[in-house]
Amino acid sequence: MGMSTSAHPPAEPAGASAGAARTAVTVTDRLVGANSRYAAGFTDPGMDARPVLQVAVVACMDARLDLHDALGLSLGDCHTIRNAGGVVTDDVIRSLTISQRALGTRSVVLIHHTGCGLESLTEEFRHELEMEVGQRPNWAVEAFRDVDQDVRQSMQRVRTSPFLVHTDDIRGFVFDVKTGLLREIDPVTA
Ligand SMILES: [Zn+2]
């Protein structure tokens, strides 16, 4: 992965700030530009859709967590399922069920992290939304106070799902965004 595929431009293009007629380049435009460079150097790896390592990783969407780098993963190795908090929602169970039953994964790795945005929210967030838009969301915010306990709950939800066929290798971790290190969570509360 060379820097040439980065979506981060080195600087403002020449002339970009020439007065009010400046053309707005959106972030999506940058991503599409980066994709052109990526595709130019891309060769079909000829891979099957089934993850090579037979593992599904469920993680928070946090921008500081680079799953592939942090776990030494390569293209084709795993399924990555991400949402706010890395919460095991019904939709995550849906993805895991497809991952295991249709695409052959056997292990599940759950990764939450320090400094998660969900630690600063409460379920009051739903109430505030309802007050603002006149409709209560049908999803839980899944806010939490104790990240270790949140990981335990996630492991429990995966382990007890009736839809999954492989529940003997489920492990949960907290990723430290300051050190890059994973800390494993004991599924049993001390
Ligand atoms: Zn997070």
| So which residues in the range 64-78 are over 23 Å from residue 147 (Cα atoms) and either surrounded by fewer than 21 Cβ atoms within 10 Å (Cβ to Cβ) or touching a helix residue (DSSP H, G or I) at 6+ places or on another chain (Cβ under 6 Å) (or both), if there are any at all? | 72, 73, 74, 75, 76, 77
| said: If a residue must be more than 18 Å from residue 92 (Cβ to Cβ) and without any contact (Cβ under 8 Å) to a residue 40 or more places away in the chain, how many such residues does the range 150-190 contain? | reply: 8
| query | Do we find a residue being over 17 Å from residue 163 (Cα atoms), in a helix (DSSP H, G or I) and of a type in the set (S, T, N, Q) anywhere in the range 89-102? | reply | no
| field | Scan of the range 86-127 for residues that are touching a residue at least 60 places away in the same chain (Cβ under 8 Å), of a type outside the set (A, V, I, L, M, F, W, C) and within 16 Å of the ligand (Cβ to nearest atom), ordered by number | value | 86, 112, 113, 114, 115
| Would you say residue 44 is within 24 Å of residue 71 (Cα to Cα) and either part of a helix (DSSP H, G or I) or at pLDDT below 95 (or both)? | yes
| query | How many residues, within the range 122-153, are surrounded by 12 or more Cβ atoms within 10 Å (Cβ to Cβ) and closer than 21 Å to residue 185 by Cβ? | reply | 10
| query | Here are some conditions: (1) within 16 Å of the ligand (Cβ to nearest atom); (2) assigned to a helix (DSSP H, G or I); (3) among the acidic types (Asp, Glu); (4) without any contact (Cβ under 8 Å) to a residue 60 or more places away in the chain. Residue 142 meets all but one. Which one does it not meet? | reply | (2)
| request: Please list, ordered by first then second residue, the pairs with beta carbon atoms under 8 Å, 6 or more apart or interchain, first in the range 59-85 and over 17 Å from residue 174 (Cβ atoms), second of a type outside the set (D, E, K, R) and within 9 Å of the ligand (Cβ to nearest atom). | output: 80/59; 81/59
| task | Answer yes or no: is there a residue in the range 64-84 that is assigned to a loop (DSSP other than H, G, I, E, B), modelled with pLDDT of 95 or more and not assigned by TED's automatic domain parsing to the domain that holds residue 143. | result | no
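The values are calculated or read from the model by the stated rules, or taken from the named source; none is laboratory data. Here the structure is a predicted model, which means the values were calculated and not measured. Virtual Cβ from ideal backbone geometry, glycine too; neighbours counted across all protein chains shown.
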